[in-house]
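Here is the structure we will look at.
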Amino acid sequence: MSIEAKGPSEHGDARPALPAGPTELDAEGLRTRRMVINLGPSHPATHGVTKFIVELDGETITDTKIEIGYLHRGFEKSCESVTWTQCFPYTDRLNYVSSIMNNVGFALAVEKLCRLDIPERAKWLRVISSEMHRICDHLTMVGAMGMELGAFTVFLYGIEARDLLWDRLTELCGARLTSNYVRIGGVARDLPDGWIEKTRRSLARAAELREEIGGLLIRNRIFMDRTRGTGVVTRAQALDFGFTGPCLRASGEPYDLRKAAPYLVYDQVEFDVPVGKNGDNFDRFLMRMEEMRQSERILEQCFQKIPAGDIVVDDVRYVLPPKPQVYGTIEGAMGHFKLIMEGIKVPAGEAYSYTEAANGELGFYLVSDGGGRPYKLGLRAPGWPLVSALPYVMKGSLLADLVPTYDSVNMIGGEVEQ
Amino acid sequence: MSADLDVVPGITTRREEAMSTLQKLVSAPLGWARKYSLYQYPFVTACCGIEYMSLACARYDVARFGAEIPRFSPRQADLLLVVGTVNCKQAPVLKRVFEQMAEPKWVIAFGVCASSGGFYDNYATVQGIDRVIPVDVYIPGCPPRPEQVLDGLMLLQKKIQGQKHTLIDRQALPAGTGRGP
Amino acid sequence: MSKAVIDALVARFPDAVHDPYVGVGGDDCAFVRKERIADVCRFLKEDPALDFNQAPYVTAVDYLGVEPRFEVVYNLTSTSKNHRIRLRVKVPEDDCQIPSVWGVWRGVDWFERYCWDMYGIRFPGHPDHRRLFMYDEFQGHPLRKDYPLRGRQPLVPERPVEEIYRGPGPGGRD
């Protein structure tokens with residue numbers, strides 16, 4: 001009886017060919033053959049839709065082929081047909097667990113092309129909201145990793161902590177998940193009254209839940225057995241594969257864009273950059289936990305240091321004028337009309353701007369032809385090199401190690417499949 | 001509300017929709033049982049999946065509606081919860097999963113991408129999953145708040161209660177089914 | 001900061017690297033001829049003073065109406081020396097291929113597949129040259145400027161849903 005990969009070939013995916021020829025006799029004289037199984041594209045791990053075609057020799061993975069594209073939503077082509085400001089909701093839905101960081105990355109890229117300098121308060125607000133969403137992203141990753149290894153309680157705690165932070169972000173941005181908070185030239189809304197106090201309390205409670213998660217998992221025999229020593233990526237391999245972000249730092253390379261090329265106000269806050277040693281799943285998990293603590297440190301300093309001031313530039317070429325001016329003066333009305341109908345006129349040229357998102361280097365490569373719509377909006381998704389390296393990382397490991405490895409690289413479907 | 005149209009009225013003008021008293025005695029408890037024990041298949045693709053995670057967890061508990069357990073095999077599920085954008089590459093997969101489910105089955109289009117394509121009107125996306133499979137309840141929102149999803153779930157429950165349920169399903173099988181290669 | 005890199009590059013490859021310029025925000029960029037891109041990248045990686053150990057972003061741009069039509073853009077970074085440059089390579093439409101740099105950095109694997117899938121630029125030397133996002137039955141390369149935005153090629157026949165308006169969409173585009 002042979003096990004063959006029967007599956008829908010209506011989308012003609014390339015599968016590794018079943019090893020042809022007679023079956024071999026193994027050490028005990030039993031006839032064996034490699035098995036090809038299909039994981040996905042609709043599978044329980046809520047990381048987005050990816051199809052793994054795994055070739056197994058018993059329980060050992062000999063080859064993996066990853067098929068993506070099941071969530072490709074045409075982000076770049078859609079952005080080429082709308083104005084620069086209308087791109088923000090599209091960028092939200094890239095890394096949907098930490099959407100403000102996508103917004104910030106895109107806004108920084110456009111402002112680089114426009115040579116625009118934003119007010120101080122707007123910079124601090126962007127950092128505050130980015131770091132809060134970074135904590136949310138790491139909580140989701142930690143919770144999902146626990147759940148997929150069997151620890152469902154960890155998931156509940158993680159999601160509760162995330163919900164607490166989302167309540168605060170709802171008060172700030174208007175939406176829990178896809179926030180659309182940043183504008184070209186600043187941010188959309190200012191902090192509500194008493195928000196900082198409430199956020200301190202929410203962060204404290206979320207930190208308690210996070211420490212409980214740590215207590216449940218870090219010294220847990222099952223968790224350690226499954227994640228220590230699995231999915232090992234050495235430092236040289238990580239650099240060669242193009243890893244950035246927490247996964248690169250877990251392999252031992254201390255490269256963080258917030259320190260190497262500081263943007264916004266990251267040079268005015270003090271924080272440490274944790275660096276791992278082994279590059280296995282356990283290190284990547286611990287990296288996320290430690291980064292959450294550092295993010296809370298950054299947030300506390302931001303709450304103390306944020307200055308008063310404007311939240312957007314006062315320039316009618318980039319920002320909608322206030323409503324009294326729109327209805328009262330002719331310049332306001334004209335500026336409003338031109339911005340809505342034609343969009344922001346970004347000078348012609350090209351720029352690549354990069355930020356440290358929750359998963360790594362999030363880059364936007366913009367080409368503008370001087371008009372109100374992007375000519376090209378290229379996204380450098382931090383998850384791409386991480387997922388494309390998985391076949392090499394998984395070669396020779398057990399099938400059961402695929403799940404923690406896939407979780408620990410924190411692949412977010414929206415950005416990998418754009 | 002549109003859900004009221006799906007409730008079979010006591011007096012009806014169409015003979016096949018009318019239920020005798022005995023049928024109503026059977027249908028009402030069956031409907032009650034089915035609506036409060038939905039086994040969902042979360043066909044999660046995109047950002048709405050993150051709201052689905054929130055929905056399934058402790059705060060916006062979907063377990064209190066009886067719909068807690070996600071069954072990751074379509075054969076064992078009766079509610080297909082299509083969460084997130086379905087694009088042209090994923091559409092055959094969705095159709096296959098839907099066809100594997102056994103009757104009675106219901107479909108909820110969770111999120112505006114599943115309902116109508118959302119704002120992704122381009123070469124890659126299907127403009128609403130109702131172009132691929134029939135849908136019972138549409139929950140718009142990008143992503144919808146968990147309260148909105150629970151409202152949609154309650155709408156579905158009202159619809160299920162109003163449908164005609166029988167103990168033995170005497171529908172003819174579609175042509176071409178049966179044993180054979 | 002990275003100006004020294006560009007100067008070293010121009011000195012080493014005077015025939016292949018031309019028109020260096022300083023872009024917006026201080027980015028150091030240069031144009032490279034497409035036949036020599038693999039040699040240039042290998043030099044950038046292996047030279048100990050330059051040490052460009054990562055290529056975080058490789059993409060293509062379609063300048064429809066300009067000859068040569070495509071441009072492949074390489075953004076390179078060095079984590080140890082902390083400098084970045086950008087290399088732009090013009091690719092004409094009739095000879096739409098460029099040597100792959102997969103042998104230099106394995107991380108450009110999916111970026112080159114993306115350029116093939118979305119723009120139709122071939123990379124001889126790439127080990128796994130197939131589409132990345134679109135399915136194999138898809139005809140055409142979607143991100144080219146002459147491909148319509150709403151050019152759907154459905155795999156499953158769509159159900160007849162008469163009540164839904166299936167017009168061309170807002171603004172009458174495409």
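Since every read-out is calculated from the coordinates, none of them should be taken as a lab result. Values in this document were obtained by computation on a predicted structure and should not be read as measured data. In this analysis, Cβ positions are derived from the backbone assuming ideal geometry, glycine residues included, and neighbour counts consider all displayed protein chains.
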How large is the Rg to Rh ratio of chain A when both quantities use alpha carbon positions and Rh follows Kirkwood?
1.02
Kindly put A:LYS123, A:LYS345, B:LYS89 in sequence by how many other C-beta atoms sit within 10 Å of each C-beta, fewest to most.
A:LYS345, A:LYS123, B:LYS89
q = 0.08, 0.09, 0.11 Å⁻¹: log10 I(q)/I(0) that the Debye formula gives for the protein assembly as shown, counting C-alpha atoms only
-0.69, -0.88, -1.32
Summed side-chain charge close to A:PHE155 - residues other than A:PHE155 whose Cβ falls under 14 Å, Lys, Arg +1, Asp, Glu -1
-4
Please arrange B:LYS105, A:LYS198 by counting, for each residue, the other beta carbons lying within 10 Å of its beta carbon, fewest first.
A:LYS198, B:LYS105
Taking a ≥ b ≥ c as the square roots of the eigenvalues of the Cα gyration tensor, with a/c under 1.5 meaning rounded and otherwise prolate when a/b exceeds b/c and oblate if not, the stretch B:38-162 is oblate
Within 10 Å of each Cβ in B:50-63, the average number of Cβ atoms from other chains
5
Within 10 Å of each Cβ in peptide A:100-113, how many partner chain Cβ atoms are there on average? Round it to a whole number, please.
1
Reachable lysines from B:LYS95, criterion Cα separation under 21 angstrom, eight or more residues apart if same chain
A:LYS6, A:LYS51, B:LYS105
Please state the relative contact order of the stretch C:3-151 as a whole percent: Cα pairs under 8 Å, 6+ residues apart?
19
Hits in the stretch A:298-341: amide N under 19 Å from the 7 Å Cα→Cβ extension of A:ARG115, namely A:313-319
On a 0 to 90 degree scale, rounded to 10, what angle separates helix A:120-148 from the longest Cα axis of chain A?
20
Which of these, A:ASP256, A:ASP240, A:ASP193, has the largest mean-square fluctuation under a Gaussian network model of chain A (Cα springs below 10 Å)?
A:ASP193
For chain C, the longest principal axis of the Cα atoms and the Cα long axis of helix C:3-12 enclose an angle in degrees, to the nearest 10, of 80
Rounded to a whole number, the mean other protein chain Cβ count within 10 angstrom for residues of C:133-143 is 6
29 Å Cα-Cα reach of A:LYS345 towards lysines, excluding residues that sit fewer than 8 places from it in its own chain
A:LYS77, A:LYS112, A:LYS123, A:LYS323, A:LYS376, C:LYS90, C:LYS145
Those chymotrypsin sites (Phe, Trp or Tyr not before Pro) in the stretch B:48-128 that DSSP places in a loop and that have at most 16 other beta carbons within 10 Å:
B:PHE72
Could you check which residue among C:VAL104, C:VAL89, C:VAL156 shows the biggest mean-square fluctuation in a GNM of chain C with a 10 Å Cα cutoff?
C:VAL156
Rounded, prolate or oblate: pick one for the stretch C:3-151, where a ≥ b ≥ c are the square roots of the eigenvalues of its C-alpha gyration tensor, a/c under 1.5 means rounded, and failing that, prolate if a/b is larger than b/c, else oblate.
prolate
Fewest-first ranking of A:ARG235, A:ARG115, using other Cβ atoms within 10 Å as the exposure measure
A:ARG115, A:ARG235
